[in-house]
1. Pairs, please: C-beta under 7 Å, at least 6 apart or cross-chain, first residue within 13 Å of G191 (Cα to Cα) and in segment 100-119, second of a type in the set (G, A, S) and part of a helix (DSSP H, G or I)?
2. Does segment 3-37 hold any residues that are exposed (fewer than 14 other Cβ atoms within 10 Å of the Cβ) and either modelled with pLDDT of 90 or more or over 23 Å from the mean Cα position of the chain (by Cα) (or both), and which are they?
3. Among the residues in segment 141-159, are any among the charged types (D, E, K, R) and closer than 19 Å to Y7 by Cα?
4. Determine which single condition G44 fails, assuming it passes every other condition in (1) modelled with pLDDT under 85; (2) open to solvent by less than 80 Å² (accessible area, probe 1.4 Å).
5. What's the number of the condition D84 fails, among (1) in contact with a strand residue (DSSP E or B) (Cβ under 9 Å, 6 or more places away or on another chain); (2) under 23 Å from G187 (Cβ atoms); (3) open to solvent by less than 40 Å² (accessible area, probe 1.4 Å)?
6. Which of the residues belonging to segment 133-149 are closer than 23 Å to G112 by Cβ, among the polar types (S, T, N, Q) and open to solvent by less than 90 Å² (accessible area, probe 1.4 Å)?
7. I'd like to know if segment 92-112 contains one or more residues that are more than 20 Å from K216 (Cα to Cα) and either in contact with a Lys or Arg (Cβ under 9 Å, 6 or more places away or on another chain) or loosely packed, with under 13 Cβ neighbours inside 10 Å (or both).
8. Residue check: is S196 among the hydroxyl-bearing types (S, T, Y), modelled with pLDDT under 85 and in a helix (DSSP H, G or I)?
Amino acid sequence: MSTNGVYGLMQNWLNSHGNAVNEYTSTMNRINNELNEIFQLAQGELTKQQAEELTQKYNDLRIEYLEAELNYLKGQKEAGYSFDFMEGDYDISNAQTFVPAYVEQTAKLAQGDMNAWETDGEEGISLEEYTAAQLGSPNTSNLNDEQYESAKAYSTATFNAIDIDGDGILEKNELQGFYAAVDNADGSVDGKISSSSLGIDYTSDKFKTNIQEFQKYLT
C-alpha cells in the first residue's frame, strides 16, 4: 500500500481504528473472563480474607473496565469519523482558492499511489499492478483461495469503474476522479473522507458516473 496517496491514508486510518478496536476488545474479553472466575469462586466456601480479596479484585476490575471504556471513547473522538487529505486550511465556500488546491492535492495523492503501485515500468497502472497493490499475491495473502478469488473479482470491477476510458490503464486523472467521488459519497466535497464512504459500492453505475463528472474539473 502507498503511504503517500489516498489508499495509504485510508489504510493508516483504518489501521488506527482497527488497532483501537482490537485493543479494546481484548481488554474487555480479559476482564469478562476474570469476572467469570470471581463469580465462580464466590459460589464456594470462602474465608473472610478470601472474600475480601475477591471483593477487592472485583472492584479493581470495575475500575479497569470504566477506564478502558473512557480511553476507547476518547480515542474514537480524537480519530473522528473522517480523515482530511487536504494540506492546509481552506474555505470550501471560496471556489477560487479551494478548487485549485483540491485539484493539486488530488493529483499529488493520485501520483503517490501510482508511484507505489508501479512495477512494470510502463506509464499508468495496469489491472495486474492494481490487483497486486490491493491484494498481494495468492501466495502471500491471508485469504483462502475462495476469498482471494472473490476479492480479486471485486478489485477488477473497481478497476474497471475507475478506468473511465476503458483502455485497461489507470491514469492520474482517473484516480483523481475516483478520490473526489469517494470524498463526495457523504454528500460533500471538502477534502474529507468519512468512514461511511469506505463501505460504498465502488462498482455501481452511480459511482462511476460521479467519477466521470469529477474528471471534468480535475485536470
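1. Listed by first residue and then by second, the contacts come to T106/A180.
2. N29, R30, N32, N33, N36, E37
3. Looking only at segment 141-159, we keep the residues that are among the charged types (D, E, K, R), and these are 145-146, 149, 152.
Subset that is closer than 19 Å to Y7 by Cα: 152.
Yes, some residue in segment 141-159 is among the charged types (D, E, K, R) and closer than 19 Å to Y7 by Cα.
4. Result: G44 passes all but (1).
5. Going through (1) in contact with a strand residue (DSSP E or B) (Cβ under 9 Å, 6 or more places away or on another chain); (2) under 23 Å from G187 (Cβ atoms); (3) open to solvent by less than 40 Å² (accessible area, probe 1.4 Å) one by one, D84 breaks only (3).
6. Narrowing segment 133-149 to residues closer than 23 Å to G112 by Cβ: 133-137, 140.
Those left that are additionally among the polar types (S, T, N, Q): 134, 137, 140.
Within segment 133-149, Q134, S137 qualify.
7. Here is the first cut: in segment 92-112, the ones more than 20 Å from K216 (Cα to Cα) are 112.
If we keep only those that are either in contact with a Lys or Arg (Cβ under 9 Å, 6 or more places away or on another chain) or loosely packed, with under 13 Cβ neighbours inside 10 Å (or both) too, we end up with none.
No, segment 92-112 has no match at all.
8. Working: among the hydroxyl-bearing types (S, T, Y): yes; modelled with pLDDT under 85: yes; in a helix (DSSP H, G or I): yes.
In short, yes.
The values are calculated or read from the model by the stated rules, or taken from the named source; none is laboratory data. A quick note: this is a predicted structure, and the numbers were derived from the prediction, not measured. Virtual Cβ from ideal backbone geometry, glycine too; neighbours counted across all protein chains shown. The area values use the complete protein model at the heavy-atom level, side chains included, leaving out ligands, DNA and RNA. Shrake-Rupley method; radii C 1.70, N 1.55, O 1.52, S 1.80 Å.
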